Amino acid sequence: MLERCTLCPRSCGINRTKGQLGFCGADDKIRIGLASLHQWEEPCLSGTNGAGTVFFCHCSLRCVFCQNHDISGREAAKTGIITDISGLADTLLSLQEQGAHNIDLVTPTQYSAQLAQAIPLARSRGLLIPIVYNCGGYERVETLKMLDGMIDIYLPDFKYFSSYYAERYSAAPDYFDIAVEAISEMVRQTDIPVMDADGLLRSGTIIRHLMLPGLAGDTAQILRTIASRWGSKVLVSLMRQFTPCTDLADYPELTRRLTDAEYEDACFLMEMLGLEGWTQDAESISESFIPHFDGTGVFSCKQAELPH
């Protein structure tokens, strides 16, 4: 599959096994920026111990405001830790041993072919907790179908309604149509959300929407789309944590944070539409919530060669 990569909607068709880099910047090596317990996901994922997050390097989007910009771009080839299928499986198991409530795969799209091997391997070695596919929402349905039965919880972004903003901020003018099809497939796979007795999500789909300053109308269209297409089959996380943390000189409209009025209006609409999920308070607006991507917690190729 990596010989002619079409894992994401860009469908570059390049041969990653020969070292060629697609739009995302990844070759055939698995590169991870951080694997650790993370307390800042939705309450049903973080619980008391934290989600077992694995932050993958590279991304098929080009979000100019990305909080994970240190590892998401093509230059991420100079960061993170390289591992293989066995090392990735052991990384997941290590997070379970640390008490993670789930395995939270962050920006995994470009490594979905390797994950289709690593997840069953980790299960065979004793991985029992749910797998979360935490993505930007820009996914190929065919790739998601390849993972059917392996993913317990989908956590997609639903970023834009307008193709103008999708192109301006993420170089993906077809974002809305792609995301609608992808999320529909996620909901098909997971069905209605299921919580356990401790309030932890065991299966289901949570749709995240990060509000951007000045785009209240776009947010309203996204919320209406969620309500009309999936309704009670999904949970919604309406996020106000946008923090200017990259060079936005060419995007001056994004150099401020949301106003209270912008966010409160969106919360009111979410309630009026009958959408269930989570909102955020003002303390979520901080760069302190952005992890340091130093390769912590990753079983590298050398470690992966050790006997089990």
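The values are calculated or read from the model by the stated rules, or taken from the named source; none is laboratory data. The structure presented is a predicted model; accordingly, all values stated were derived computationally and were not measured. Positions of Cβ are backbone-derived with ideal geometry, glycine not excepted, and every protein chain shown enters the neighbour counts. The area values use the complete protein model at the heavy-atom level, side chains included, leaving out ligands, DNA and RNA. Shrake-Rupley method; radii C 1.70, N 1.55, O 1.52, S 1.80 Å.
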| note | Computed over the range 1-119, the relative contact order (Cα-Cα under 8 Å, seq sep at least six) in percent reads 28
| query | Taking 0.36 nm per residue of separation and subtracting the Cα-Cα distance, what length does fully extending residue 28 through residue 94 add? | reply | 21.4 nm
| In the chain, lysine pairs closer than 24 Å at Cα, eight or more apart or cross-chain | 10
| To the nearest 20 debye, what charge dipole does the range 173-258 have about its Cα centre, counting +1 at the Cβ of each Lys and Arg and -1 at the Cβ of each Asp and Glu? | 360
| field | Zero-based 5 Å bins, Cα pair distances in the range 205-254, whole percents | value | 4, 18, 25, 20, 14, 10, 6, 2, 0
| Long-range amide H partners of residue 30 with built H, under 5 Å | 83
| message | Which three numbers, in whole Å and largest first, are the semi-axes of the equivalent ellipsoid of the range 1-48 derived from its Cα gyration tensor as √(5λ)? | response | 32, 13, 8
| field | Cα-based convex hull volume of the range 101-146 per residue, rounded to whole Å³ | value | 73
| Reciprocal of mean inverse Cα separation for the chain (Kirkwood radius, Å) | 19.6
| task | Express the carbon and sulfur contribution to the solvent-accessible surface of the chain as a percent, rounded to the nearest whole number, probe 1.4 angstrom. | result | 50
| said: Can you work out the Karplus-derived ³J(HN,Hα) for every residue in the range 137-150? Use 6.51 cos²θ - 1.76 cosθ + 1.60 with θ = phi - 60°, whole Hz, and x for glycine or proline. | reply: x, 9, 10, 7, 4, 4, 5, 4, 5, 4, 9, 4, x, 9
| Between 190, 147, 173, whose Cα lies farthest towards the positive end of the dipole of the chain when Lys and Arg beta carbons carry +1 and Asp and Glu beta carbons carry -1, centred on the Cα centre? | 147
| query | Tell me, what is the per residue accessible area of the range 1-128 in Å², probe radius 1.4 Å? | reply | 37
| Separation between Cα centres of the range 207-223 and the range 148-193, rounded to whole Å | 14
| message | No solvent, one uniform scatterer per C-alpha: report log10 I(q)/I(0) for the range 150-268 via the Debye equation at q = 0.15 1/Å, two decimals. | response | -0.73
| request: Hey, can you grab everything whose amide H is under 5 Å from the amide H of residue 207? Only 5+ residues off in sequence or another chain; H modelled, so Pro and N-termini drop out. | output: 235, 236, 237
| P(r) tail fraction, the range 34-123 - alpha-carbon pairs more than 16 Å apart, % | 56
| note | Here D for the range 76-228, in µm²/s, from Stokes-Einstein with a Kirkwood Rh over Cα pairs at 10 °C and 1.306 mPa s, works out to 95
| Excluding the sites themselves, what is the longest stretch of the chain that contains no GluC sites (Glu not before Pro) in a DSSP loop with at most 14 other C-beta atoms within 10 Å? | 1-275
| message | Using the Cα centre of the range 20-174 as the reference point, and only Cβ charges (+1 on K/R, -1 on D/E), how large is the resulting charge dipole? Debye, rounded to the nearest 20. | response | 220
| query | Using a simple charge model, +1 on the beta-carbon of Lys and Arg, -1 on the beta-carbon of Asp and Glu, nothing else, what dipole does the chain show about its Cα centre, in debye to the nearest 20? | reply | 900
| remark: Along the dipole axis of the chain (charges at Cβ: +1 for Lys and Arg, -1 for Asp and Glu; origin at the Cα centre), the most positive-end residue among 15, 36, 209 is 15
| task | Return the Rg/Rh value of the range 220-283, two decimal places, where both radii are evaluated on C-alpha atoms and Rh is the Kirkwood radius. | result | 1.04
| Förster radius 51 Å - calculated FRET efficiency between residue 125 and residue 20 (Cβ-Cβ, nearest 0.05) | 0.95
